[in-house]
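These notes concern the structure reproduced below.
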Amino acid sequence: DPSDAEDVMGMKIACSIPSSREIPLSLNLGTPVVISEPKSAVAKQLQQLAEIFAPVEAEPVRKAWRRR
């Protein structure tokens with residue numbers, strides 16, 4: 001049970017990667033599941049996990065130079 005694991009570890013579960021047949025299929029094809037099936041539950045959870053540990057900062061908007 002996930003709540004038991006949280007109690008033992010003393011922390012909340014950040015995200016849970018579901019079991020899916022898409023994972024072995026993507027491994028056999030050599031294509032990451034986030035590329036081959038980006039809307040799948042597995043891909044969404046992997047993207048959430050990546051965002052937790054390696055957040056992507058938004059690029060600052062740069063104004064184009066204009067000649068007057």
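Restricting attention to segment 43-59 and to residues that are of a type in the set (Gly, Ala, Ser) and under 8 Å from the mean Cα position of the chain (by Cα), the residue that is most open to solvent (accessible area, probe 1.4 Å) turns out to be ALA50. The residues in segment 1-49 that are among the charged types (D, E, K, R) and in contact with a Cys (Cβ under 8 Å, 6 or more places away or on another chain) can be counted, and the count is 0. Within segment 24-40, the set of residues being open to solvent by 60 Å² or more (accessible area, probe 1.4 Å) and aliphatic (A, V, I, L, M) comprises LEU25, LEU27, LEU29, ILE35. Considering only segment 8-22, how many residues are open to solvent by 60 Å² or more (accessible area, probe 1.4 Å) and more than 21 Å from ILE52 (Cα to Cα)? Total meeting the criteria: 2. Listed by first and then second residue, the pairs linking a residue in segment 27-51 that is farther than 10 Å from CYS15 by Cα to a residue that is small (Gly, Ala, Ser) and part of a loop (DSSP other than H, G, I, E, B), with Cβ atoms under 9 Å apart and 6 or more places separating them unless they lie on different chains, are VAL33/SER20; VAL33/SER40; VAL34/SER40; GLU37/SER20; SER40/SER20; ALA41/SER20; VAL42/SER19; VAL42/SER20.
The values are calculated or read from the model by the stated rules, or taken from the named source; none is laboratory data. Keep in mind that this is a model prediction, so the values were computed, not measured. Note that each Cβ is placed from the backbone with ideal geometry, even for glycine, and that neighbours are counted across all protein chains shown. The protein model used for the area step is the full one, side chains on, heavy atoms only, and it has no ligands, DNA or RNA in it. Shrake-Rupley method; radii C 1.70, N 1.55, O 1.52, S 1.80 Å.
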